[in-house]
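A.B. asks: Let me give you the structure first, and then I'll get to my questions.
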Amino acid sequence: MKLTQISIFLENRPGRLRAPCQILADKGINILTLSLADTQQFGILRLIVREPARAKAALEEAGYVVHLSDVVALEVRDRPGGLAEVLAHVDEGGLNVEYMYAFTFGRGDRAVLIFRFENADRAAALLQSKGVNVLGEVELFERGGS
């Protein structure tokens, strides 16, 4: 089970973050979670939305460079050592984490993290076999609201 993430390349200048968010808002596309990483020259805005293909088309129409990639949403025990437990399975399986960020909600004693692995399918299968709850779009979007 994997999700589609949108990555947008932005100039690292004032006002550049609002514009793509406004484009999505104007199209009625809700951002469920995001991450922003920067360098001196540019930033990478990563988004999880309900309709990534429609969001990509709207952003590209506005002139943005947009990339779709596969990510995996995992439930992690929200307590000291919860992430370390999941990362132990990641290490044992020889998986490489390219980056990760937190989702905007959890459930009870569980947090949800988004992971980018070299191979999302392999990572999801391995982690499921270790008892880690890998969330699909339906469950994630139901929890994440509109």
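Values in this text are rule-based calculations from the coordinates and carry no lab data. Predicted model only: the values in this text are computed from it and were never measured. Cβ: placed from backbone, ideal geometry, glycine included. Neighbour counts: every protein chain shown.
A.B. asks: Taking amide hydrogens as modeled 1.01 Å from N in the peptide plane, which residues meet the under 5 Å criterion relative to Phe117, leaving out close sequence neighbours?
C.D. replies: Long-range HN contacts for Phe117: Val72, Glu98.
A.B. asks: Using each residue's phi in the range 79-90, evaluate 6.51 cos²θ - 1.76 cosθ + 1.60 at θ = phi - 60° and report the 3J(HN,Hα) Karplus result to the nearest Hz, with x for Gly and Pro.
C.D. replies: Listing the rounded values in order: 7, x, x, x, 5, 4, 4, 5, 5, 4, 5, 4 Hz.
A.B. asks: For Thr33, what residues show an amide H to amide H distance below 5 Å, using hydrogens built from the backbone and excluding near sequence neighbours?
C.D. replies: Ile48
A.B. asks: Could you give the distance between the Cα centres of the range 1-51 and the range 59-95, to the whole Å?
C.D. replies: 16
A.B. asks: Taking K and R as +1 and D and E as -1, what net charge do the other residues with C-beta under 14 Å from the C-beta of Ser7 add up to?
C.D. replies: Around Ser7, the surrounding residues sum to -1.
A.B. asks: Under the rule of at least 5 residues apart or a separate chain, name every residue whose amide H is placed under 5 Å from the amide H of Arg110.
C.D. replies: Those lying under 5 Å, H to H, from Arg110 are Asp78.
A.B. asks: Could you work out [θ]222 nm for the chain from helices alone, using -39500 (n - 2.57) per DSSP H run of at least four and dividing by all its residues? Round to the nearest 500 deg cm²/dmol.
C.D. replies: -9500 deg cm²/dmol
A.B. asks: Cα to Cα, under 18 Å, and not fewer than 8 places away if on the same chain: which lysines meet these conditions relative to Lys130?
C.D. replies: Within reach: Lys2.
A.B. asks: I would also like to ask the following. Leaving out same-chain residues fewer than 8 places away, which lysines sit with a Cα under 16 Å from that of Lys56?
C.D. replies: By straight Cα distance, Lys56 reaches Lys27.
A.B. asks: Which of Arg13, Arg50, Arg77 moves most in a GNM of the chain, Cα contacts under 10 Å?
C.D. replies: Maximum among the listed residues: Arg13.
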